[in-house]
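The values are calculated or read from the model by the stated rules, or taken from the named source; none is laboratory data. As the structure is a prediction and not an experimental result, all values here were calculated from the model. Here the Cβ positions follow ideal geometry from the backbone for every residue, glycine too, while neighbour counts run over all protein chains shown. The area values use the complete protein model at the heavy-atom level, side chains included, leaving out ligands, DNA and RNA. Shrake-Rupley method; radii C 1.70, N 1.55, O 1.52, S 1.80 Å.
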Amino acid sequence: MKKQEQNATDQSILNVFSGESVENPFAIFSKMRTMGAVIPIPSPIAAIKGQTWMVTRMEEAMLVLKDHAHFTVDGGSIDGNNNLMQSNADPSAPPTFLNAKSMLSVDEPDHRRLRRLVSKAFTPKYMESLRPLVQKIADELLDQVEDKEQFDIVKDYAYPLPINVISEMLGVPKADQAQIRVWSEAIAHGLGLGRKEPGVAEQIRAFGEYIVQLVAEKRKHPADDLISQLVAIEEEGDKLDESELISMISLLIFAGHETTSNLIATGTLMLLDHPEQLEKLKKDLNLIPGAVEELLRFNGPSTMAGPRFATEDIEIAGQQIKRGDMVIPVLKSANRDELQFSDPEELDLTRSIKRHMAFGQGIHMCLGAPLARVEGDVAFSTLLRRMPNLHLSIPREDVNWQFMLSSQGLKSLPVAF
Ligand code: HEM
């Protein structure tokens, strides 16, 4: 590739991840795969030292995410460089997962210690037991819009369903959910690779301060919920300190709804975009769990796994990665890897999928995947069963996207039924 062309491509890649462009990200991901399974990009974050690499294909992305000896989530552990937390940090703000350690940002053995404290609450078996609750919430939300001529899938369904479920589990008061939406939207929209919108630090601080208050409330009035259990563990002494407690709760609240909302909203649009596939689903709602996997593969909520940093020099796909280099597995690209899937750019709801990368891989693989699967299953089956004539109530080209979680999410999705 000529130098000028290379610069233009590098810029397009950075623009997609920082939200500077609303170009179709999948066209960029496809181009990236033709450039290589592991490609160097200019550093998206000024403070990051060393080369930055993007991993575009599944085999190599799996390798990076599973090889915990050669890759760490904690850049700061290598010669004190590349501490992403520190570059985000506002020392006076409460410790959320964005500016302080959480299971997502530490290696073993701390990771195992933190994840174990909550893993029982997220087993597939326990999640199945929550299905009636999820069903009840989905039905109540559709009851509220049933008499209207149209409604917004994002505001009225995709957003409130997961936040209601995770709030029930954690013990977050219902009255606080609207405010939590404001914070999490600002965070998902305001942060990206090399992106930090003005004002996002204040939103993170306010979210953290809210959690500090919530914990104080649970200390005074413990209840039968996950936050009260975590507070009790912290009070016992040696398994969880206060900063880890606040950070863990912020992670569970944010991760527990932001991504799943995106799956439900974008997934609904993908279904409406493929009417012949949608017909198949409507005829047989038993196809929905498999369809959820395909929607996760085709356009899942997470563009990338959190950056990893090489702990030693290592060669992958012919590239010489040096100790300390930042390596970014691009999940949405790996999920369209033509070496893994036939017709990867096609949505095929009856495709048999052995594996995809929407939930990541390795020890940090999504804790909430079983919950997200139950929520996706219930959300789509309830919607299609109750509103089989669901259709967009605005022209397709007027559908509003916005930068969310390092890629595009829907701002709203007006529908009639
Ligand atoms: C469709 C919905 C979801 C998607 C696509 C998703 C995606 C992901 C991905 C890709 C990771 C790994 C990040 C990395 O390795 O850097 C992750 C981790 C995580 N997710 Fe999810 N997630 C979803 C729903 C949820 C839900 C409902 C929860 C509930 C609390 C949750 C909690 C977490 C937590 C706590 C981690 C960190 C796990 C660890 O570091 O051990 N996620 N998620």
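Using amide H atoms built in the peptide plane, which far-off residues or other-chain residues are under 5 Å from residue 54 H to H?
Correct list: 39, 41, 328.
Per residue, how large is the accessible surface of the range 1-116? Use a 1.4 angstrom probe and give square angstrom. Spell out each step's value before the answer.
Working: 5540 Å² over 116 residues.
Spelled out: the 1.4 Å probe surface of the range 1-116, per residue, equals 48 Å².
Rounded to the nearest 0.05, what FRET efficiency do residue 116 and residue 209 have when you use their Cβ-Cβ distance and R0 = 35 Å? Intermediate results must be reported in sequence, preceding the final value.
Numbers: r = 28 Å, r/R0 = 0.80.
Computed FRET efficiency for residue 116 and residue 209: 0.80.
Per-residue ellipticity at 222 nm for the chain, helices alone: DSSP H runs ≥ 4 residues times -39500 (n - 2.57), over residue total, nearest 500 deg cm²/dmol?
On the way: 16 runs with 204 residues, N = 417.
For the chain, the value works out to -15500 deg cm²/dmol.
Could you calculate the FRET efficiency of residue 129 with residue 11 from 1/(1 + (r/R0)^6), where r is the beta carbon distance between them and R0 is 60 Å, rounded to 0.05?
Numbers: r = 49 Å, r/R0 = 0.82.
For residue 129 and residue 11, the calculated efficiency is 0.75.
For the range 52-161, give the magnitude of the charge dipole about the Cα centre (Cβ charges: +1 Lys/Arg, -1 Asp/Glu; no others), in debye to the nearest 20. The partial results should precede the final answer.
Numbers: 13 positive and 18 negative charges, 127 e Å.
Taking the Cα centre of the range 52-161 as origin, the dipole is about 600 debye.
Go through 143, 10 and list them by solvent-accessible area, largest first, probe radius 1.4 Å. Before the final figure, lay out the partial values.
Working: 143 80, 10 20 Å².
Final ranking, largest accessible area leading: 143, 10.
Cα centroid distance between the range 364-385 and the range 210-261, in Å?
23 Å
Would you kindly state how much longer the chain becomes between residue 175 and residue 77 on full extension, computed as 0.36 nm times their sequence separation minus their alpha carbon distance, in nm to one decimal?
On the way: separation 98, 0.36 × 98 = 35.28 nm, distance 4.02 nm.
Length gained, residue 175 through residue 77: 31.3 nm.
Quick one: if the Förster radius is 51 Å, what FRET efficiency do residue 217 and residue 69 give, using the C-beta to C-beta distance and rounding to 0.05? Mind showing how you got there, number by number?
Details: r = 42 Å, r/R0 = 0.82.
Here the calculated transfer efficiency is 0.75.
Which lysines, if any, have their Cα less than 29 Å from the Cα of residue 148, not counting same-chain residues under 8 positions apart?
The qualifying lysines are 136, 174, 280, 282, 283, 411.
If you stretched the chain out fully between residue 363 and residue 399, how much longer would it get, using 0.36 nm times the residue separation minus the C-alpha to C-alpha distance?
Values: separation 36, 0.36 × 36 = 12.96 nm, distance 3.68 nm.
My answer for the length gained is 9.3 nm.
Taking amide H positions as placed in the peptide plane 1.01 Å from N, state which residues far from residue 97 in sequence (5 or more) or on other chains have amide H under 5 Å from it.
250, 251
Pick out, from 287, 28, 158, the residue whose Cα sits farthest towards the positive end of the charge dipole of the range 3-416, with +1 on the Cβ of Lys and Arg and -1 on the Cβ of Asp and Glu.
287
What does the accessible area of residue 33 come to, in Å² to the nearest 10, when a probe of 1.4 Å is used?
Here the residue's solvent-accessible area equals roughly 10 Å².
How many Å² of accessible area per residue for the range 295-417, probe 1.4 Å?
Values: 4650 Å² over 123 residues.
Solvent-accessible surface per residue comes out at 38 Å².
Mind grabbing the accessible area of residue 21 for me, 1.4 Å probe, Å², rounded to tens?
Its accessible surface works out to 30 Å², give or take rounding.
Note down the magnitude of the dipole of the chain about its Cα centre, charges +1 on Lys and Arg C-beta and -1 on Asp and Glu C-beta and zero elsewhere, to the nearest 20 debye. Walk me through the numbers on the way to the answer.
Working: 44 positive and 59 negative charges, 93 e Å.
For the chain, the charge dipole is close to 440 debye.
Using a basic spin-label model with each label point 7 Å from the Cα along Cα→Cβ, how many nm lie between residue 59 and residue 90?
If labels sit at residue 59 and residue 90, their model points lie 4.6 nm apart.
Grab the other residues whose beta carbon is less than 9 angstrom from that of residue 95, score K and R as +1, D and E as -1, and report the net. Working shown, then result.
On the way: positive: 101; negative: 242, 244.
Residues close to residue 95 contribute a combined charge of -1.
Figure the gain on full extension for residue 345 and residue 243 (residue separation times 0.36 nm, minus the Cα-Cα span) and round it to one decimal in nm. Walk me through the intermediate numbers first.
Working: separation 102, 0.36 × 102 = 36.72 nm, distance 4.30 nm.
Once the chain is fully extended between residue 345 and residue 243, it gains 32.4 nm.
At what distance in nm do the modelled label points of residue 273 and residue 412 sit from each other, each positioned 7 Å from its Cα along Cα→Cβ?
Placing both labels 7 Å along Cα→Cβ, they lie 2.1 nm apart.
Projected onto the charge dipole of the range 3-416 (+1 at Lys/Arg Cβ, -1 at Asp/Glu Cβ, origin at the Cα centre), which of 240, 98, 361 gives the Cα projection farthest towards the positive end?
So the residue we want is 361.
Which whole-Hz couplings ³J(HN,Hα) result when phi for each residue of the range 363-377 is put into the Karplus expression 6.51 cos²θ - 1.76 cosθ + 1.60, θ = phi - 60°, listed in order with x for Gly and Pro?
With coefficients 6.51, -1.76 and 1.60, one gets 5, 8, 3, 3, 5, x, 3, x, 5, 4, 5, 5, 5, x, 4 Hz.
At a 1.4 Å probe radius, carbon and sulfur cover how many percent of the accessible area of the chain?
On the way: 9180 of 18090 Å².
Ligands and nucleic acids excluded, carbon and sulfur reach 51 percent.
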